[in-house]
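Just below is one structure, and these are the notes that go with it.
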Amino acid sequence: MSEDKVMEETYKNEKNEFLYPRSRYYGQVQPENFIFNANLQEFAQKVEYITALQTNGKLKPEDAYQKMKSLWKQLKSSKKQLNIGNKPSA
């Protein structure tokens with residue numbers, strides 16, 4: 001790989017880490033928990049962007065609300081599909 005390609009890849013990775021930071025997961029180690037944590041972090045990032053757009057006048061308050069409501073429904077659906085937080089049947 002040429003030096004230019006390596007620099008370009010490094011720049012892309014740094015940019016993605018800056019724009020889409022991921023926090024380390026410290027919870028109970030189960031695949032569904034990792035997936036839900038990733039979904040939760042993505043939800044938080046999108047809400048942050050929507051909030052910034054609305055605050056700066058680029059998005060109407062009602063549109064921001066509807067977008068966040070839709071994201072919340074997706075997160076709830078993900079939680080249900082992954083069976084997170086449901087007590088096991090006795």
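Any read-out appearing in this document is the output of simple, stated calculations on the displayed coordinates, not a laboratory observation. These numbers come from a predicted model, not from an experiment. Here Cβ is always computed from backbone atoms with ideal geometry, including for glycine, and neighbour counts include all displayed protein chains.
Odds and ends about this structure:
- Among GLN74, ALA52, GLN28 the positive-end extreme of the charge dipole of segment 3-82 (Cβ point charges): GLN74
- Structure-derived Rg and Dmax of the Cα atoms in Å - corresponding label in (i) 17.7, 60; (ii) 14.3, 47; (iii) 12.5, 40: (i)
- Each Cα pair under 8 Å and six or more residues apart adds its sequence gap; the mean of these over the residue count of the chain is a relative contact order of 29 percent.
- In this simple spin-label model, placing a label point 7 Å from the Cα along the Cα-to-Cβ direction at both ASN33 and ASN56 gives a separation of 3.7 nm.
- Taking every DSSP helix (H) stretch of at least 4 residues in the chain, weighting each as -39,500 (n - 2.57) and dividing the sum by the residue count yields a mean residue ellipticity at 222 nm of -24500 deg cm²/dmol.
- If you plug the beta carbon distance of VAL47 and SER2 into 1/(1 + (r/R0)^6) with R0 = 41 Å, you get a FRET efficiency near 0.55.
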